[in-house]
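Beneath this line is the structure, given in structure tokens, with notes to follow.
What follows is calculated from the coordinates using simple rules that are stated; it is not laboratory data. A quick note: this is a predicted structure, and the numbers were derived from the prediction, not measured. Note that we place each Cβ from the backbone using ideal geometry, even for glycine, and neighbour counts take in every protein chain shown.
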Amino acid sequence: MRLVFLGPPGAGKGTQAKRLVEALGVIHVSTGDMLRAAVKAGTEMGVAAKRHMDAGGLVPDDVVVGIVADRLREDDAQAGVLLDGFPRTIPQAEALDAILDGDGTPLDTVVLLEVPDELIVERITGRRTDPETGAIYHLTFDPPPEAVADRLVQRDDDTEPKVRTRLAAYHAQTAPLVPYYAAQGKLSRVNGVGPMDGVTERLLAALKG
């Protein structure tokens, strides 16, 4: 199975991806994982990516696509892949289609995990971290013990302005993939609101249905 996992930041894709790969017998491949692996391995694309990363810039599409192509051809990817964080744009999606079709392993399905923006903001801005233990709590959904509450901190990326900036980027750049894949008849929409187990059940039902 070749699967693309879409959804806004904070929708729970990372948590659900770990559950899906176990149930489906595929590997979880994220853009970050691929970039780090390529840089560590010193591949041609990895060297190119490191040059941009070290300069503080974004890694260009052609480099990211090259890294994805290399990763999808590795032995452990032949049984199936769940792509998380790629593609992010229409040009990346078109490049992915070309790679998979050229290898004779076309994309099977795309799952969109849907969560309203306001709930995303509540989920992310309510997170707090214990700097002494590394434990993560949520002020509403997983309140911390009173003994540690005073020392908890909020990550810089979890403030409301930054969350809304990330959501705006998602809607501008990645959300257009929804009609793109819907037109191919490959899109499944799944409600990402509610207990994690329920979301997992809905995801598996969509994939197996």
Check: Based on DSSP H runs of at least 4 residues, each adding -39500 (n - 2.57), what is the mean residue ellipticity at 222 nm of the chain after dividing by all its residues, to the nearest 500 deg cm²/dmol?
Finding: -14500 deg cm²/dmol
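Report the charge-dipole magnitude of the chain in Debye, nearest 20, computed about the Cα centre from +1 at each Lys and Arg Cβ and -1 at each Asp and Glu Cβ.
120
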Note to self: I'd like the antiparallel share, as a percent to the nearest 5, of DSSP beta bridges with both residues in the chain.
What the structure shows: 25
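Under unit Cβ charges (Lys, Arg +1; Asp, Glu -1), what dipole magnitude, rounded to 20 debye, does region 1-114 have relative to its Cα centre?
Numbers: 11 positive and 17 negative charges, 92 e Å.
Charge dipole, region 1-114, about its Cα centre: 440 debye, nearest 20.
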Notebook entry, point to check: What residues of region 167-209 lie in the reach of a label at Asp142, counting those whose backbone N is under 12 Å from a point 7 Å from the Cα along Cα→Cβ?
Noted result: 196
Notebook entry, point to check: Which residues in region 108-134 place their backbone N less than 18 Å from a point set 7 Å from the Cα of Gln184 along the Cα-to-Cβ direction?
Noted result: 108-113
Check: Here are some values of Rg and Dmax of the Cα atoms in Å: [x] 18.2, 57; [y] 39.4, 150; [z] 16.6, 51. Which one was computed from this structure?
Finding: [x]
Notebook entry, point to check: Any idea what the alpha-carbon Rg over 2.2 N^0.38 Å comes to for region 136-209?
Noted result: 1.56
Margin query: Please report the net charge: other residues with Cβ closer than 11 Å to the Cβ of Thr31, K and R +1, D and E -1.
Written below: +1
Check: Per q in 0.11, 0.20 1/Å, what log10 I(q)/I(0) does a Debye calculation on the alpha-carbon atoms of region 89-159 return?
Finding: -0.52, -0.81
Checklist line | Hz values of 3J(HN,Hα) by residue in region 32-47 - Karplus curve (6.51, -1.76, 1.60), Gly and Pro given as x | finding: x, 4, 5, 4, 4, 5, 5, 5, 5, 6, x, 5, 4, 6, x, 5
Checklist line | Against the rule of thumb 2.2 N^0.38 Å, how large the Cα Rg of region 1-55 comes out | finding: 1.37
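Working out 0.36 nm times the residue gap between Arg36 and Asp97, then minus their Cα-Cα distance, what length gain in nm do you get to one decimal?
Length difference between fully extended and current span is 19.6 nm.
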